[in-house]
Amino acid sequence: MVSGGGTRDARAVVLVKNPSAGHAAIQLSLSRLELNTNGGIWEVTDVATDGMALTLPQSGQQLTSPVQVTGSQAALAGQLTSITIFDHDRTAIGQATLTQASGAGNAPFAIHVPYAASFQGRTQEEIIVLYRSTGSHVIAGAVMVKVLLNPS
């Protein structure tokens, strides 16, 4: 726990470290649903990892397939970076793998990720995730953004 998280707090920041991924850290920002500090439900409002960023799409943006995704990632040897689009049931409906840039530092990326909507008729709130994982498929970093997807 980095900050907050008490029984009467409306917000909290948690740092999750994974020893299986070289102690990589993912920072989760949480807030209570409707900021209810009287036992309200916690919900994740932001997921961040140093060296990773999503710049497009922006939170709450309404999108159609294929989705243009831009951002940056640290070039780390032996790690795979991918983008997954999850529907409202958290089922993967679109995915792409990023090629690793050579050299050090953050490398920008831009990619179009098509999705096959699992819903019809109306826009749904969905999540786009940028993952970094080790060669053994252990998550070493993540960045997430909530968006609105139109049925394809």
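The values are calculated or read from the model by the stated rules, or taken from the named source; none is laboratory data. Quantities reported herein were computed from a predicted structural model and do not represent experimental measurements. So basically every Cβ, Gly included, is an ideal-geometry build from the backbone, and we count neighbours across all protein chains shown. To get the accessible areas, we keep the full protein, side chains included, count just its heavy atoms, and leave off ligands, DNA and RNA. Shrake-Rupley method; radii C 1.70, N 1.55, O 1.52, S 1.80 Å.
Yes/no per residue for (1) loosely packed, with under 15 Cβ neighbours inside 10 Å; (2) at pLDDT below 75; (3) not basic (Lys, Arg):
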{"site": "Ala75", "(1), (2), (3)": "no, yes, yes"}
{"site": "Gly78", "(1), (2), (3)": "yes, yes, yes"}
{"site": "Asp87", "(1), (2), (3)": "no, no, yes"}
{"site": "Ile93", "(1), (2), (3)": "no, no, yes"}
{"site": "Ala96", "(1), (2), (3)": "no, no, yes"}
{"site": "Phe109", "(1), (2), (3)": "no, no, yes"}
{"site": "Ala116", "(1), (2), (3)": "yes, no, yes"}
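Scanning the range 118-152 for residues that are open to solvent by less than 40 Å² (accessible area, probe 1.4 Å) and within 18 Å of Gly51 (Cα to Cα) turns up Ile128, Val129, Leu130, Arg132, Ser133, Thr134, Val138, Ala140, Gly141, Ala142, Val143, Val145.
When the residues of the range 10-69 are narrowed to those that are in contact (Cβ under 8 Å) with a residue 60 or more places away in the chain and either on the phi > 0 side of the Ramachandran plot or among the hydroxyl-bearing types (Ser, Thr, Tyr) (or both), which ends up surrounded by the most Cβ atoms within 10 Å (Cβ to Cβ)? Taking the candidates together, the pick is Thr49.
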